[in-house]
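Below is one structure; the comments refer to it alone.
Quick note: the coordinates plus some simple rules give every number you see, no bench work behind them. Since the structure is predicted, the reported quantities are computational estimates derived from the model, not experimental observations. Every residue, glycine among them, receives a Cβ derived from its backbone with ideal geometry; neighbour counts consider all protein chains shown.
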Amino acid sequence: MPTTDPYTRFVRSGPGRAIATKLGLPRPSRLPRRGDRTAAVLDPVVVLGAGTGAETIAAGLLDGGADVRRRFEDLREVGSVVIVLDEIARPTDIGDIVLPLAGAMRSLAPGARIVTISRPATGGAQDPATEAARGGVEGFVRSLGHEVRRGATANGILVADGIALDAPSVTGALGFLLSARSAFVDGQFLTVSTDAGTLPADPRRPLAGRTALVTGAARGIGAAIARTLAADGAHLVLLDVTAAGTELARLANELHGVPIQLDVTAPSAPDRLLAFCRERGLHLDIVVHNAGITRDKLFANMTLDRWDPVIAVNLSSQIAINAALLGAQDVLGTDPRFVSLASTSGIAGNRGQTNYAVSKAGVISLVPALAAQLAAHGGTANAVAPGFIETEMTAKIPPLPREIARRANSLQQGGLPVDVAEAVAFLASPAAGGIQGDTLRVCGQNLVGR
Ligand code: NAD
């Protein structure tokens with residue numbers, strides 16, 4: 001996939017590469033995405049860990065057709081590493097399991113994947129040594145994310161106590177994090193909190209038979225989400241404002257979707273959406289709240305006309321539409337999936353973005369509450385928090401802060417809209433049914449926040 005980032009284009013050119021090497025400048029690696037790799041998992045896969053959990057994970061990968069090894073031996077190149085730490089009870093247990101990887105770090109293939117599988121720290125339900133060991137795994141993964149090179153990533157799966165390691169969402173999360181679909185996810189954790197979820201009959205079309213609403217679909221990340229959900233087999237309802245009607249119609253034609261021109265902040269928007277779905281007999285199985293705006297200003301210069309629209313589009317509209325859908329069983333499908341777009345600005349804050357950070361931090365707190373409401377419907381709600389993604393929204397940032405924001409992550413580049421779309425598609429899939437109220441960062445391990 002071509003990059004839109006001029007610096008990266010330059011340092012990948014012949015003369016640019018020589019200059020960057022001489023001056024020690026960052027040389028962002030090409031990140032393999034879906035389509036660049038035929039296999040779902042980069043072989044060989046080394047599974048570390050000695051307990052029954054490690055056996056379960058190795059057996060699952062083997063069933064999926066991976067070339068699974070239990071030690072590095074004299075492998076010249078390693079595609080993937082899965083480190084199973086579910087049984088650790090003391091901080092000293094970690095080193096025994098992870099240290100064999102130290103000697104193999106230089107053998108990691110370009111775009112290699114490292115994934116840990118462990119139990120989450122619970123805030124006190126376990127004894128102090130167990131809590132310390134579990135928390136320690138997070139430090140390990142986040143540090144490894146900063147150390148791996150050549151487009152490799154390190155991420156983790158936290159599996160709640162009592163959930164088996166062959167639960168559908170553990171298999172689903174592992175498949176996502178090992179695949180090229182997680183190209184811009186680095187230093188992050190997915191938490192599997194229940195054993196709900198089902199593995200798709202056809203892994204290439206996990207959303208077959210599902211209908212998805214995407215708001216703000218006409219361009220940028222929304223359009224990429226629509227294309228990715230469609231590629232995964234979903235039928236699309238594409239929503240955007242009237243001013244974006246031409247782009248919206250073009251995308252709806254391309255994806256054989258249904259366009260709806262609607263301002264999500266209009267007081268009548270929830271009712272108009274329900275009426276639109278009822279008239280066409282549409283049942284929404286997936287709702288992606290992507291529509292979003294920025295109106296940046298330092299807080300000293302902040303005014304109501306910059307504050308209110310941001311809160312209205314990015315947050316209040318979601319609350320109103322969700323409430324309407326939860327009250328409309330004839331429109332909301334069974335086992336619905338809600339995915340909201342948050343932002344790393346909502347986690348770490350950002351200069352000039354008090355209004356935007358309120359809206360995005362609000363989204364992060366909204367999803368667990370919505371997840372609790374949806375539990376009765378068998379549904380889930382989660383968020384995706386992008387870091388710097390190359391879109392028209394970030395093209396408006398002045399050149400110097402834009403260049404700093406783009407480079408300030410472990411992968412030294414901005415992500416592409418498709419990277420966010422892949423995370424949304426995973427959280428919208430049947431396999432993610434055990435992931436509830438979580439926020440997954442797609443930020444290349446942006447240096448801000450946790
Ligand atoms: P974009 O500006 O390129 O696209 C946003 C889309 O939302 C547009 O098509 C716009 O017409 C639509 N929209 C705006 N107001 C609307 C309304 N009232 N009703 C219906 N549709 C409306 O933005 P993007 O960069 O693609 O961002 C998409 C989402 O991702 C947003 O929620 C944004 O906050 C979030 N995000 C983006 C980045 C990034 O780096 N680009 C980073 C973090 C989060």
Quiz item: Calculated from DSSP H runs of 4 or more alone, at -39500 (n - 2.57) each and per residue, what is the 222 nm mean residue ellipticity of the chain, nearest 500?
Solution: -11500 deg cm²/dmol
Practice problem: Grab the alpha carbons of the range 273-336, take their convex hull, and tell me the volume per residue in Å³. | Solution: 93 Å³
Practice problem: Can you tell me how much longer the chain between His377 and Arg30 gets when fully stretched, taken as 0.36 nm per residue apart minus their C-alpha distance, in nm with one decimal? | Solution: 120.8 nm
Self-check item: Spacing of the two label points (7 Å from each Cα toward its C-beta) at Asp305 and Asp74, in nm
Solution: 7.4 nm
Quiz item: Of the listed peptides 55-64, 361-370, 294-303, 233-242, what is their order by residue-averaged count of other C-beta atoms within 10 Å, with the highest listed first?
Solution: 233-242, 361-370, 55-64, 294-303
Self-check item: Inter-centroid distance (Cα atoms) of the range 147-203 relative to the range 326-342, Å
Solution: 23 Å
Quiz item: Among Leu400, Leu273, Leu262, which comes first, then next, by fewest other beta-carbon atoms within 10 Å?
Solution: Leu400, Leu262, Leu273
Quiz item: Based on Cβ point charges of +1 for Lys and Arg and -1 for Asp and Glu, what charge dipole magnitude is obtained for the range 24-122 about its Cα centre, in debye rounded to the nearest 20?
Solution: 540 debye
Exercise. Would you calculate the separation in nanometres between label points at Ala39 and Thr198, each defined as 7 Å from the Cα along the Cα-to-beta-carbon direction?
Key: 3.0 nm
Quiz item: Rg and Dmax of the range 211-442 over Cα atoms: what are they, in angstrom?
Solution: 16.8, 50
Quiz prompt | Estimated dipole of the chain in Debye, rounded to 20 [Cβ of Lys and Arg +1, of Asp and Glu -1, Cα centre] | solution = 1680 debye
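I need Arg106, Arg219 ordered by Cβ neighbour count within 10 Å, fewest first.
Listed from fewest to most nearby Cβ atoms, that is Arg106, Arg219.
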Quiz item: From the phi of every residue in the range 376-386, what ³J(HN,Hα) in whole Hz does the Karplus formula 6.51 cos²θ - 1.76 cosθ + 1.60 yield, where θ is phi - 60° and glycine or proline is x?
Solution: 5, 9, x, x, 9, 9, 9, 10, 10, 10, x
Practice problem: Towards the positive end of the charge dipole of the chain, with charges on Cβ (+1 Lys, Arg; -1 Asp, Glu), say which of Ala160, Gln188, Pro386 has the farthest Cα. | Solution: Pro386
Quiz prompt | Exposure proxy order (Cβ contacts within 10 Å, fewest to most) of Cys277, Cys443 | solution = Cys277, Cys443
Practice problem: Go from 0 up to the bin containing the longest alpha carbon distance in the chain, width 10 Å each, and give me the % of pairs per bin. | Solution: 4, 21, 31, 26, 14, 3, 0
Quiz item: Which angle from 0 to 90°, rounded to the nearest 10, does the C-alpha axis of helix 317-326 make with the longest principal axis of the chain?
Solution: 90 degrees
Self-check item: Calculated from backbone phi, Karplus (6.51, -1.76, 1.60) coupling profile of the range 395-407 in Hz, x at Gly/Pro
Solution: 5, 7, 5, x, x, 5, x, 5, 5, 5, 4, 5, 8
Quiz item: What shape does the range 165-303 have by the C-alpha gyration tensor, where a ≥ b ≥ c are the square roots of the eigenvalues, rounded means a/c under 1.5, and otherwise prolate means a/b greater than b/c and oblate the rest?
Solution: oblate
Exercise. Only residues of the range 262-297 count here: report those whose backbone N is under 13 Å from the spot 7 Å along Cα→Cβ of Lys396, or say none.
Key: 292-297
